[in-house]
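> Handing you a structure now.
Derivation of every value follows stated rules applied to the coordinates shown; laboratory data play no part. A quick note: this is a predicted structure, and the numbers were derived from the prediction, not measured. Ideal geometry is used to build each Cβ from the backbone, glycine not excepted, and the neighbour counts take in all protein chains shown.
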Amino acid sequence: MRDSPPGGSQEEYGSRFERWDERAAVRVKPQPVMDTPAPDVLYFPPELVPVLRHPLVAERGERAVHDALAQHLYHYLHFTVELEQVAIIPVAAGIARGRSGLNLPERMRADAYKIVTDEAWHAQLSYDLIRQVEARSGVAWPTRAPRPSCGGSTPSAGASTPGSGGWNDCCSRSSARRSSRPS
Ligand SMILES: [Fe+2]
C-alpha cells in the first residue's frame, strides 16, 4: 500500500455524500409532527420490554404497561441523543477540523462536516420526539435521566479530553457510579 500524499489521496476516496444536499433529511424534510395517538397506542414493542411480564407490573394494569412502554421509548431516544452528542459528533468534528491525527483526503474532511450536521439533526429529532410523546401520552420524561453507560470503549480522533464533558467523562462517571454501589 502506498503512502498518501499530504492531505490524503483524493482518488482513493469515494464520497457517499455527492447528493447530500438533495437527500439528507436535515436538508429536505420538515421536522416530523406526531398525530394524536389512539388511546391504546403502544409506544414501544412490548416483547422488547421483559419487565412487563413481571407480576408486580402486570398486576398494576394497562395504564402501568402504557406508562412503562413510554418510559422505554424515552430511554431509547435519550440514548440516541447521548450517543450522537457525546460520542459520534465529537469524533466526526475532530475529523472535519483535521484534528484526528490521521492523514485524510480533503473531501473526507468535508464529508465529516456533513456527518456532524446529520447526527446533530438525529439528536434533535430524538429529543423533539421525546417531548412530543410526553405531551401526548401524559407520561412525564424524567429530565434527570441517568446518562447511558458507554460500555467502557473510548473513541479516538480526539473525541474528548478529561473534564470536557465528553465521552471519556461519561465513562468515568459510569464507572464511579458502578463502584459506589454495594456489591
Ligand atoms: Fe445518527
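> Suppose the chain between Glu12 and Asp40 were pulled fully straight at 0.36 nm per residue; how much longer would it get relative to their current alpha carbon spacing? Walk me through the intermediate numbers first.
Working: separation 28, 0.36 × 28 = 10.08 nm, distance 5.29 nm.
Contour length minus Cα-Cα distance gives 4.8 nm.
> Stokes-Einstein diffusion coefficient for region 1-113 at 37 °C in a medium of 0.692 mPa s, Rh from the Kirkwood formula over Cα pairs: what value in µm²/s? Before the final figure, lay out the partial values.
Working: Rh = 18.4 Å.
Taking Rh from Cα pairs, D becomes 178 µm²/s.
> Under unit Cβ charges (Lys, Arg +1; Asp, Glu -1), what dipole magnitude, rounded to 20 debye, does region 20-142 have relative to its Cα centre? Present the calculation step by step, with values, prior to reporting the outcome.
Numbers: 13 positive and 16 negative charges, 79 e Å.
About 380 debye.
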